[in-house]
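Working notes for the structure below.
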Amino acid sequence: MGTGSGPRRSYLVTGAASGLGAATARYLASEGMPVVLADLEGDTARQLAAQLGDACRGVTMDVTSEADVLAGLKEASELAPLHGVIHCAGILAAGRVVSKQGPHDLAAFQKAIEINLTGSFNVLRLAAAHLQQNEPDAEGERGVIVLTSSVAAFEGQIGQIAYSAAKGGVASMVLPAARELGRFGIRVVAVAPGVFETPMMQAAPEAVRESLIAQAVFPHRLGKPHEFAEFVWQICRNRMLNGSVLRLDGAMRMQAK
């Protein structure tokens, strides 16, 4: 167990098969925490969990499915008392309101909202109901829920209308949820990352990468997944972090395109 990491408590991480979710699962495991890695790519999640040790499990999860999320919460609580749910699962979405092909595809917009926003709420509501049953610790805390928003919630670029709407909705849920759940000792926080070195960005054209890096003030690079993971761990440990959407972006302010 990492120095000062406290009691052995479990965590559920969604979107844990790759990118920010995988980095978060690795970091939590390195601190000695049992982790359930949940992802639609269940086989990949199970393979990564096996690498992280006997205290970790991988499960298949569609975050819009009540049954899948409940099963993941149950799996985590069987490893150790569940303390935190870190929700990283989501999809990208691109499309202009009106393009040469016509108006934005409505089904594509609805899919982005269903997975990124409705999926976040599904995880939030079920996690809150589960954590509410925990025994409070000495300060009355029962657990923490960390959602993933995006800087696109605030500076959405042309072509990000669906993604920005979904991530803006995630950001807007945080304060009312924290206010409601505070009486149960459950904290709710969202991270709004800038652009990070994930598999999706590694596959992006070099011109796109260079444009995004140019918009970062300092450090003058894309974020590293372990930096996101470290930040999440600090949120889990610092009880004064509650009800906020916290940017992690190197002072990047996305331009219109």
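Between Thr118 and Gln255, how many nm apart are label points set 7 Å from Cα along the C-beta direction?
Going by the 7 Å Cα→Cβ label model, 3.7 nm.
Taking Rh as the Kirkwood radius, which is the inverse of the mean 1/r over Cα pairs, what is the Rg/Rh value for the chain?
0.96
Please give the calculated 222 nm ellipticity per residue for the chain, where each DSSP H segment of at least 4 residues contributes -39500 (n - 2.57) and the sum is spread over every residue; nearest 500 deg cm²/dmol?
Only helices count here, giving -12500 deg cm²/dmol.
What is the spin-label model distance, in nm, from Gln110 to Lys224 if the labels are put 7 Å beyond Cα along the C-beta direction?
Distance between the two pseudo-spin positions: 4.3 nm.
Over the chain, what relative contact order in percent results from Cα pairs under 8 Å that are six or more residues apart?
In percent, rounded to a whole number, it is 19.
Between rounded, prolate and oblate, where does segment 19-84 land on the alpha carbon gyration tensor, with a ≥ b ≥ c its root eigenvalues, rounded for a/c under 1.5, else prolate if a/b exceeds b/c?
Because a/c hits 1.5 or more and a/b fails to exceed b/c, segment 19-84 counts as oblate.
Could you list which residues have their amide H under 5 Å from that of Val188, counting only those 5 or more apart in sequence or on another chain, with H placed in the peptide plane?
HN-HN under 5 Å from Val188: Ile145, Gly243.
Which loop-located GluC sites (Glu not before Pro) does segment 103-143 contain, where loop means any DSSP state but H, G, I, E or B and the Cβ has at most 13 other Cβ atoms within 10 Å?
Those satisfying the criteria are Glu139.
Taking neighbour counts of Cβ atoms within 10 Å as a proxy for exposure, in what order, fewest first, do Lys100, Lys111, Lys167 appear?
Lys100, Lys111, Lys167
Taking 0.36 nm per intervening residue step and subtracting the Cα-Cα distance, what contour gain separates Ser211 from Ala55 on full extension?
52.0 nm
With θ set to phi - 60°, apply the Karplus curve 6.51 cos²θ - 1.76 cosθ + 1.60 along segment 208-223 and write out the HN-Hα couplings as whole Hz, x wherever there is a Gly or Pro.
Along segment 208-223, the couplings run 5, 4, 5, 4, 5, 4, 5, 8, 7, 7, 6, x, 8, 6, 7, x Hz.
Of the residues Pro225, Pro81, Pro176, which exhibits the maximal mean-square fluctuation in a Gaussian network model of the chain defined by a 10 Å Cα contact cut-off?
Of the options given, Pro176 has the highest mean-square fluctuation.
Apply the a/c threshold of 1.5 to the C-alpha gyration tensor of segment 78-228 and tell me whether it is rounded, prolate or oblate.
prolate
Please work out how much length the chain gains when fully extended from Asp137 to Leu92, using 0.36 nm per residue of separation minus the C-alpha to C-alpha distance, in nm with one decimal.
Net length gain for the segment: 12.4 nm.
All other residues with a Cβ under 10 Å from the Cβ of Ala17 taken together, and with Lys, Arg as +1 and Asp, Glu as -1, what is their net charge?
Summing Lys/Arg as +1 and Asp/Glu as -1 gives -2.
Give, in nm to one decimal, the length gained when the segment between Met240 and Glu78 is fully stretched (0.36 nm per residue of separation minus the Cα-Cα distance).
This chain segment gains 55.5 nm when fully extended.
By the scheme Lys and Arg +1, Asp and Glu -1, what is the net charge of all other residues having a beta-carbon under 14 Å from that of Met61?
Summing Lys/Arg as +1 and Asp/Glu as -1 gives -4.
Tell me, Ile86, Ile235 in order of fewest to most beta-carbon neighbours within 10 Å?
Lowest to highest Cβ neighbour count: Ile235, Ile86.
How large is ³J(HN,Hα), in whole Hz, for each residue of segment 158-174 in order, when computed from phi with the Karplus curve 6.51 cos²θ - 1.76 cosθ + 1.60 and θ = phi - 60°, using x for Gly and Pro?
4, x, 10, 4, 6, 5, 5, 4, 5, 6, x, x, 4, 4, 6, 6, 5
Exposure proxy check: Met200, Met240, Met254 ranked by fewest other beta carbons within 10 Å?
Arranged by neighbour count, lowest to highest, Met200, Met240, Met254 become Met240, Met200, Met254.
Just so you know, all these numbers are worked out from the coordinates, no wet-lab data involved. What you see is a predicted model; the values in this text were computed from it and never measured. As a convention, Cβ positions derive from the backbone with ideal geometry for all residues, glycine included, and neighbour counts pool all protein chains shown.
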